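S.K.: I have a structure here, written as structure tokens, and I will follow up with some questions on it.
Values quoted throughout were computed directly from the atomic coordinates according to the rules given, and no laboratory measurement underlies them. All figures in this text were calculated on a predicted structure; none of them were measured in a lab. As a convention, Cβ positions derive from the backbone with ideal geometry for all residues, glycine included, and neighbour counts pool all protein chains shown.
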Amino acid sequence: MSEKSNITKENPFKIVFVCLGNICRSPTAEGIFQHLVNERGLQPYFYIDSAGTSAYHIGEPANSKSRQVAEQQGVKLQSRARRFEAGDLEEFDLILAMDSENHENLQRLDRNSSFNGKIRMMREYDPQPGDGEVPDPYYGGMDGFQHVFEVLKRSCEALLDELEVRVEK
Ligand code: 4NP
């Protein structure tokens, strides 16, 4: 699908959220985005995934603090960590990096810069973008996980608002 074409059941929009470990930020983004898609009855129009640029946590469920914060807001995190692969550059319509390190890692995988246009920063969509990064909460306390959830909720809502107008029912 080209970046601006209509989104249909036959041609659903494929989106992947990317962080370092795929156990904190990107599974939270995936869970929130899926939750919003479900609330709006848009399930047939989106394929939603997440991945990590590292191999540190492959196969693991989302971090327990991430799951706890999400569940308090009615969002279930059900992903298992996987590593982002070069083939995903072709496969997905939009690839959202949580921070600039993830963004650089993705650009490095995109050797010929063929997919540069669809590799974006998550906080481009945040109405309150701050410094543009979704901060890594891994080594901190619950407040960091709470902050990440709020940032991702705002960003996912704005992102889905933008994509929903392209859905052709
Ligand atoms: P995430 O958080 O990238 O949001 O999943 C991290 C998880 C693990 C590590 C770093 C960040 N780690 O260094 O193991």
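S.K.: Sorted by mean Cβ packing within 10 Å, highest first, what order do the peptides 41-50, 62-71, 91-100 take?
M.R.: The packing order, highest mean first, is 91-100, 62-71, 41-50.
S.K.: Which of Pro12, Pro135, Pro127 ends up with the largest GNM mean-square fluctuation for the chain, with Cα atoms connected below 10 Å?
M.R.: Pro127
S.K.: Which residue, Gly41, Tyr56, Gly130, has the largest displacement toward the positive end of the dipole of the chain when charges sit on each Cβ (Lys, Arg +1; Asp, Glu -1)?
M.R.: Sorting the options by dipole projection puts first Gly41.
S.K.: Convert each backbone phi in the stretch 69-79 into a coupling constant with the Karplus relation 6.51 cos²θ - 1.76 cosθ + 1.60 (shift: θ = phi - 60°), then list the ³J(HN,Hα) values in order as whole Hz, x for Gly and Pro.
M.R.: Going residue by residue, I get 4, 5, 5, 4, 9, x, 10, 8, 9, 10, 7 Hz, with x marking Gly and Pro.
S.K.: Would you please calculate the Kirkwood hydrodynamic radius of the stretch 13-163 over all C-alpha pairs and express it in Å, rounded to one decimal?
M.R.: 15.1 Å
S.K.: Could you list the square roots of 5 times each eigenvalue of the Cα gyration tensor of the stretch 50-123, that is, the equivalent ellipsoid semi-axes, sorted largest first and rounded to whole Å?
M.R.: Semi-axes, largest first: 25, 13, 11 Å.
S.K.: Another question about this same structure. Enumerate the amide H contacts of Lys14 below 5 Å, restricted to partners 5 or more residues apart or on another chain; note that Pro and chain-start residues carry no placed amide H.
M.R.: Those qualifying (amide H under 5 Å, at least 5 residues apart or on another chain) are Tyr47, Asp93, Leu94.
S.K.: Which semi-axes, in whole Å and largest first, does the equivalent ellipsoid of the stretch 2-42 have when worked out from the alpha carbon gyration tensor as the square roots of 5 times its eigenvalues?
M.R.: Numbers: eigenvalues 102, 41, 8 Å².
Whole-Å semi-axes of the equivalent ellipsoid: 23, 14, 6.
S.K.: Over the Cα atoms of the stretch 79-169, Rg to Rh with Kirkwood Rh, two decimal places? Please list the in-between numbers first.
M.R.: Working: Rg = 14.4 Å, Rh = 14.5 Å.
For the stretch 79-169, the value is 0.99.
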